[in-house]
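Notes follow once the structure below has been shown.
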Amino acid sequence: MSENNGDMQRDIGNFRRDPLGFVRYAFPWGQAGTALAHEAGPEPWQCEVLEQLGQGLTSPAEATRLAVASGHGIGKSALVAWIILWAMSTVEDTRGVVTANTDGQLRTKTWPELAKWHRLAINKQWFSYTATALFSAWPGRSRVWRVDAITWSENNTEAIAGLHNKGRRAFAIFDEASAIPDAIWETIEGALTDRDTELLWTVFGNPTRSSGRFRECFAGGRFAHRWHPRQIDSRSVSMTNKTQIATWVKDYGEDSDFVRVRVRGMFPRAGSMQFIDSERIGEAVSRPLITDPTAALVMGVDIARHGEDQTVIRFRRGLDARSIPALKFRIPDLMLVASRIIEQVNSHNPEAVFVDATGIGWGVCDRLAQLGCSRAVGINFGGRAERTDGGEAAARYANKRAEMWGFMKDWLRSGCLPDDADLVADLGNVEYGYDGSDALLLERKDDMRRRGLASPDDGDALALTFAYPVAKRDWAEERRFEEGLARLRRWVV
């Protein structure tokens, strides 16, 4: 390493697209008398992530996005610190934000790790460290060349929204990203939009939840195509406690959700309170289509209530919820909504039409009755649960909505879903609990919004097709009977 400051500036500037080279250059690996005297350098997995980050900078059309899901104890916080110091050191006037799942994680783990590596860096004099920021020590540059530790708030996303740095470099880092609400992800998404700017977004965490934006960065997720994902098994890293890991595997089993999350860096089959596990949903999407022309066609209609929500119409014939595409629209006029429903009834001739009649939905049901749609039945989501069966749905349900979702969950063992990102997200995002009498109760839509998730309109529309059992009707035979009955009445008169 050069001791000349001018040489050092030149050397570090050469690492603009080489994060791994910077980490090897900037810290005293193996040097006697330092904290790294017995350390040879980054772990292999850390080297791979740093190399991948550098490779992403060669195509600046959009942000370089890296997502790392891992088991415990692999050196994730050190890697976060290295990325921050590399990003800040190699481009002047870089701006960044760092957040974590909780204020405690950010203040007691993520940020102190940055302090440790800042003290060890060859260019530590370039930056000043505080409990909430790292910024340029050069006069007049502290406001334009800095990274801030920001605690997120769902009610104040503006606090992390100002990440704009046109013509320079901007970066965002999430630590323990699995528990950061979708609204915060969307805020960063909107902030990383400057043209002609190096944009970096890296997210790290234990994969504790099988739904949400962190999960969707990985295979099978709707945003996976935008991310470079990696999953790190704790056993592949030299610094982890192999004895403790072996105990976990023995106690819980290699394929238990405990070991999947804490050791293997894999997402659980079901989140701690996720009602329908992602594995079941994925199998229903990939399953070959099963058709049964003798089964009744049922139509479910979920009525939108807010500006961001949408009315959704879904169809299901036996195990087939895939063949007839869903209809989704945002129309505030309930009379027009009723007209669209009638159009679908006339086009597909379902045996039954179950309509969400909660709140404003009753107006749609009344209009359908006026239009002569005798097959439409209003369903009150908060009404009394009425049924159980011999499968998983034999649980006690707190209301009609929980009952319908319970029957749908059981159906998913054999049913066929379309490859629809909205539907898949809705089915996997809903959590559950129990009421005072230990009856199963689904998470309310308002509570989902507070978690930064959309109302599960698509999922509710499909669940409505399980409101009641429906038998297939022979409409032609019924018309012939009604015509014969009318002729008989005329003859009697």
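What angle, in degrees between 0 and 90 and rounded to the nearest 10, separates the Cα long axis of helix 475-492 from the longest principal axis of the Cα atoms of the chain?
On a 0 to 90 degree scale, this one is about 30.
I need Arg260, Arg316 ordered by Cβ neighbour count within 10 Å, fewest first. Can you show the working numbers first?
Details: Arg260 20, Arg316 28.
Lowest to highest Cβ neighbour count: Arg260, Arg316.
Which is the longest run of the chain containing none of the GluC sites (Glu not before Pro) found in DSSP loop states (not H, G, I, E, B) with at most 12 other C-beta atoms within 10 Å? Mind dumping the intermediate values first?
On the way: sites that count: Glu3, Glu62, Glu254, Glu308, Glu386.
The segment 63-253 is the longest one with no such site.
Tell me which residues come under 5 Å, amide H to amide H, from Val377 once H is placed; ignore anything under 5 positions away on its chain.
Excluding prolines and chain starts, which carry no amide H, the hits are Val353, Phe354, Val355.
Roughly how many nanometres apart are two label points built 7 Å out from the Cα toward the Cβ at Ser339 and Arg444?
My value for the distance between the label points is 3.5 nm.
Give me, ordered by chain and number, the residues 5 or more places off Arg230 or on other chains with an amide H under 5 Å from its own placed amide H.
Here the answer is Ala67, Val68, Ala69, since their amide H atoms fall under 5 Å of that of Arg230.
Give the calculated FRET efficiency between Asp419 and Asn349 to the nearest 0.05, with a Förster radius of 22 Å applied to their Cβ-Cβ distance. Present the calculation step by step, with values, prior to reporting the outcome.
Details: r = 26 Å, r/R0 = 1.17.
With a Förster radius of 22 Å, E is 0.30.
Can you match volume of the Cα convex hull per residue in Å³ to one of these, (1) 132; (2) 178; (3) 169, based on a calculation from the structure here?
Answer label, from the structure shown: (2).
What FRET efficiency, computed as 1/(1 + (r/R0)^6) with R0 = 56 Å and r the Cβ-Cβ distance, is obtained for Asn14 and Ser286, rounded to the nearest 0.05?
Details: r = 47 Å, r/R0 = 0.84.
Working from the Cβ atoms, E equals 0.75.
Under 5 Å between amide H atoms, partner at least 5 residues away or on a different chain: which partners does Ile331 have, H built in plane at 1.01 Å?
Correct list: Thr311.
What ³J(HN,Hα) values, in whole Hz, does the Karplus curve 6.51 cos²θ - 1.76 cosθ + 1.60 give for segment 327-334 when θ = phi - 60°, with x put for Gly and Pro?
10, 10, 7, 10, 10, x, 7, 5
Sequence neighbours fewer than 8 away in the same chain don't count; with that in mind, list the lysines whose C-alpha is under 24 Å from Lys445.
Hits, sequence-local ones excluded: Lys328, Lys400, Lys409.
Report the extension gain between Ala471 and Asn241 in nm, rounded to one decimal, defined as 0.36 nm multiplied by the number of residues separating them, less their alpha carbon distance. Write out the running numbers ahead of the final one.
Details: separation 230, 0.36 × 230 = 82.80 nm, distance 5.88 nm.
Value of the extension gain: 76.9 nm.
So what is the relative contact order of the chain, in percent, for Cα pairs below 8 Å that sit 6 or more residues apart? Please list the in-between numbers first.
Numbers: 908 pairs, mean separation 64.6, N = 493.
In percent, rounded to a whole number, it is 13.
What are the lysines whose alpha-carbon lies under 24 Å from the alpha-carbon of Lys109, with same-chain residues fewer than 8 places away excluded?
Cα-Cα hits under 24 Å: Lys76, Lys124, Lys242.
Quick one: if you stick a label point 7 Å off each Cα along the C-beta vector at Tyr434 and Gln125, how many nm between them?
6.5 nm
Modelled label-to-label distance, Ala137 and Arg330, 7 Å Cα→beta-carbon offset: nm?
5.1 nm
Which of the aspartates and glutamates could be linked to Lys166 by a straight reach, that is with a Cα gap under 17 Å, when you skip same-chain ones fewer than 8 residues away?
Result set, ordered by chain and number: Glu62, Glu92, Asp93, Glu189, Asp194, Asp196, Glu198.
None of the figures in this text is laboratory data; all of them are computed from the coordinates on show. From a predicted model like this one, the values you see are computed outputs, not experimental measurements. Note that we place each Cβ from the backbone using ideal geometry, even for glycine, and neighbour counts take in every protein chain shown.
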